[in-house]
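Notes follow the structure.
The values are calculated or read from the model by the stated rules, or taken from the named source; none is laboratory data. Owing to the predicted nature of the structure, the values given are computational and were not obtained by experimental measurement. Cβ sites come from the backbone with ideal geometry, for glycine too, and all protein chains shown count toward neighbours. Ligands, DNA and RNA are excluded from the accessible area calculation, which covers all protein heavy atoms including side chains. Shrake-Rupley method; radii C 1.70, N 1.55, O 1.52, S 1.80 Å.
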Amino acid sequence: MKSRTNKFAWVAFGMLAIAIGFYPLLYLVGGRDMGLLASKTEEVLSSVPWNIAFYGHIVFGGIALLLGWTQFSRELRRKYLKTHRNLGKTYVLSALFSGACGIYLAFYATGGWVAGLGFFMLGLFWIFFTLRAYTAVRAGDLTGHEGYMIYSYAACFAAVSLRIWMPILALIFGEFLTAYRIVAWLCWVPNLIFAFFWVRRRGLQLG
């Protein structure tokens, strides 16, 4: 029963990562009146740096989300180590670029400073944990690498959590802004708490 439950959780985990990983395609083919873009002023939408940051954030964030979940497959690591390493390098680069773009976008966040601070902190943690995971594996610390990658992908998975929590909060509060200010924190703080207990359960020592 436990094995079946774990398999179901893994499949659901992967399906959510894939679904939201491809979500940026909607912004690439859709108009300026869809999703979060509809809440932005014309001044922001016409800003070249903001557009570079926005599309860089969602595209590279989508790539990180699509690739990151595969890195937790023991079978992939065991049978296809070179593929695991190449995918890992792509994840790291995508995460760092998307995280940096996210930090820039936080200063223009819908919902003011409360939402902005939430997304700013998320970007910092994502970059920090990703860099620690990379430096750990470069130093041959595979235990630390695995632990920090769990934290890194927990931050990355905020993209999924946000889209789960947002409609629930909007239904509870009856309006967008309050829900968005809350989800700016709720999309990632519980993820990192979960990562903490997952790392501790696996007995991974982080330096």
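The table for this structure:
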quantity	calculated
Carbon plus sulfur fraction of accessible area for the chain, probe 1.4 Å, in percent	69
Radius of gyration, Dmax [segment 113-207; alpha carbons; angstrom]	15.1, 51
For the chain, built as a Gaussian network whose Cα springs stay under 10 Å, the top-fluctuating residue of 149, 121, 15	15
Accessible area per residue in Å² at 1.4 Å probe, computed on the chain	57
Normalised contact order of segment 74-207, rounded percent, pairs of Cα under 8 Å and 6 or more residues apart	24
Rh by Kirkwood over Cα pairs, then Stokes-Einstein D for segment 32-110 at 0.692 mPa s and 37 °C, µm²/s	235
0 to 90° range, to nearest 10: angle between helix 158-173 axis and the chain longest Cα axis	50
C-alpha long axis of helix 48-68 to longest principal axis of the chain, angle in °	30
GNM top mover of 58, 127, 18 - the chain, alpha-carbon springs below 10 Å	18
Exposure ranking of 75, 42 by accessible area [1.4 Å probe, largest first]	42, 75
Distance in nm between pseudo-label sites at residue 93 and residue 142 (7 Å out along the Cβ direction from Cα)	2.5
Segment residue 113-residue 48, extension gain: residue separation times 0.36 nm, minus the distance between their alpha carbons	21.2 nm
Distance cut-off 23 Å, percentage of C-alpha pairs in segment 1-154 lying past it	43
Residue 173/residue 79 FRET efficiency (R0 41 Å; Cβ-Cβ; nearest 0.05)	0.30
Of 66, 142, 96, the one that fluctuates the most in a GNM where the chain has Cα springs shorter than 10 Å	142
Mean Cα-pair separation over length for segment 11-113, i.e. relative contact order, pairs under 8 Å, 6 or more apart, %	34
Principal-axis tilt of helix 142-156 within the chain, Cα atoms, nearest 10 degrees	20
Scaled radius of gyration (Cα, divided by 2.2 N^0.38 Å) that segment 155-195 gives	1.10
